[in-house]
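Just so you know, all these numbers are worked out from the coordinates, no wet-lab data involved. The structure presented is a predicted model; accordingly, all values stated were derived computationally and were not measured. Cβ placement follows ideal geometry from the backbone for every residue including glycine, while neighbour counts extend to all protein chains displayed.
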Amino acid sequence: MNMERLYELIDAWRDGILTEAAAAELSQLLRDFDEARRIFRAESRMHGLLHRAVMAEAVEEAANRGSWLTHPAASEGVGKSRRPGARITSRKLLLAGTAVLVFSVVAAFVWLYVTPPQPKLPKSFATLTRATDCVWDGPARPQPGDRLAAGGLSLRKGTAEIKLASGVDLLLEAPADMELVDVGNSVLHTGRIVVRVPPTAAGYAVDTPTVKVVDLGTEFGVSVEPDRETVVQVFAGAVVAELKKPDPSGKRSRRLVAGETVRIEASGAVELQRVAFSPERFLRTFSTPSVHEGDELIPFKPSQVSSLDVVAAPGPVTVDGDLSDWNLSCMFEARCAGPFAESYYVHGSMAYDKQYLYVAARVGDPMPMRNAIDPNTDPWSAWMGGSVQLRLSTDRAFGWPVKAMKPSCRQGEASPQDTSGRLVHLTLWYFQLRDEPCLEIRYGMNLDRGVVNPAGWHGVFRKAPDGKGYTVECAIPWTLLGAGSDPPRPGDELGLSWTINWSDASGKRWKGQLVEIKNPPYATRGKELTHMYAETWGRAIYR
């Protein structure tokens, strides 16, 4: 199937210029190809009211001009004069009628052969599947498991995951105001939302003040700032961005594919401006695990460790995955709860000297070192394939606890700590397709600056002899951690937190985690997110 030709035919149909021969060609494609039917369903959903809009415009113009259609003398036939405007309106109506006829032929085919029967919708068509640290404003303050009907949602803090009856998943990131309309539509007034749409629900639309984003079976993000600046980013598949007003070239829509990002500025100008794709622009952690062990999921165990002693390295450290040259007297241990304790655990240790921070861990994992997420294409998502993550402060001036948070969570302007390059997020993983140890470093609480596999670091992963875990050891220069000229010294107490992530057998789908070394007031299960609030981090005590 020629996809380019399919889109040409659909565009012609949408613009009302589809010839009889082209209509037959489009009908044949729809009859022969499932993918063609899926794409056409999505497009027809956007333009199903085209014929009504064209007719309404023409009739309104005829009425305003007093055309022969509404003139009492029209019934008198030949010999009666008509004003010039009547001929113009008549021509418009003829074109409109032709467009409607072609539309109707194709639409009838789709109705009979392509469009599946639509079930009667219940009053409630969505479920709040997960609410992490959520604080709601307004009358709607749902809890996980609650059914949701059409209406507004105002999320002041946290992240909320919503599943629609159609299978569409929504991830709403605070602060945000949105409205659920039905299984096929929502409105985002302000905030960020990531939408994941299965092929069966293609055509789902997110409406904003300046643009309507219509899915073609994909995953995409939309953000609307308080000043109405809007960003649309496509992670997979494709979308159509429908502008509320024509851009300077007269176009109202643009098709965007995976890896593309556009912005509509807050000014009066209506124009899609291409900007750089940035994986960290949106939070994409749809956190429903996919792998079960028995009848339960890997649990989120409350933190039981509040601090870790970071010991001075006794001498040169050889990074080889053998921890026999380590002082492990201060190593911490954490295990998942219940029946998972034997299989899912971590023993973690840290050391330092004037040049390097050293990290070592033994991780229990029945499916070790299977991460299949490529550091060259999507390092932001690599944590989901199995990883060790650390978040730490290297600036003693920040003290402990660290009073920093993701800027969008703060009331007012970001603080210097929020964006500091000495607040560091490390993700360590083993990319099994190339047998490659990997490190991603991100800076500040916005996590919007970072490097992947930078020069100067050394890391080794070694699988356990029984195949049920792995050891990771690495050395990271202080220069990469924002502290090259002023590394931590004995007596410093700085912020630190660890997270261990486990994946399924594919090495792509996250299924559980341990979050350890937390500030005790935030150690309770599910209380605050370490990647958003540095105050939740426990203490690293440099000995």
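The calculated Kirkwood hydrodynamic radius for the range 154-231 is 12.3 Å, given to one decimal from all distinct C-alpha pairs.
Sorting 431-439, 406-414 by average packing, meaning the other beta carbons within 10 Å per residue, from highest down gives 431-439, 406-414.
Which of the three applies to the range 377-474, rounded, prolate or oblate, going by the alpha-carbon gyration tensor with a ≥ b ≥ c and a/c under 1.5 meaning rounded? Because a/c hits 1.5 or more and a/b exceeds b/c, the range 377-474 counts as prolate. Taken over the C-alpha atoms, the range 124-281 has Rg and Dmax values of 15.0, 47 angstrom.
Which shape class, rounded, prolate or oblate, goes with the range 457-541 when its Cα gyration tensor gives a ≥ b ≥ c as root eigenvalues, a/c under 1.5 marks rounded, and past that a/b bigger than b/c marks prolate? Oblate.
State, as an integer percentage, the relative contact order of the range 307-542 based on alpha-carbon contacts under 8 Å between residues 6 or more apart. Present the calculation step by step, with values, prior to reporting the outcome.
On the way: 585 pairs, mean separation 63.2, N = 236.
Here the relative contact order equals 27 percent.
Residues whose amide H lies under 5 Å from that of E436, counting only those 5 or more places away or on a different chain, are F431; hydrogens are built 1.01 Å from N in the peptide plane. Full extension of the chain segment joining K245 with K468 gains 74.5 nm, where the gain is 0.36 nm per residue of separation less the Cα-Cα distance.
Remind me, relative contact order of the range 124-281 in percent, using alpha carbon pairs under 8 angstrom and six or more residues apart? Don't skip to the answer; put the middle values down first.
On the way: 437 pairs, mean separation 21.3, N = 158.
It rounds to 13 percent for the range 124-281.
Can you classify the range 307-542 as rounded, prolate or oblate using the Cα gyration tensor, where a ≥ b ≥ c are the square roots of its eigenvalues, rounded means a/c under 1.5, and otherwise it's prolate if a/b beats b/c and oblate if not? It is rounded, given that a/c, with a ≥ b ≥ c, falls under 1.5.
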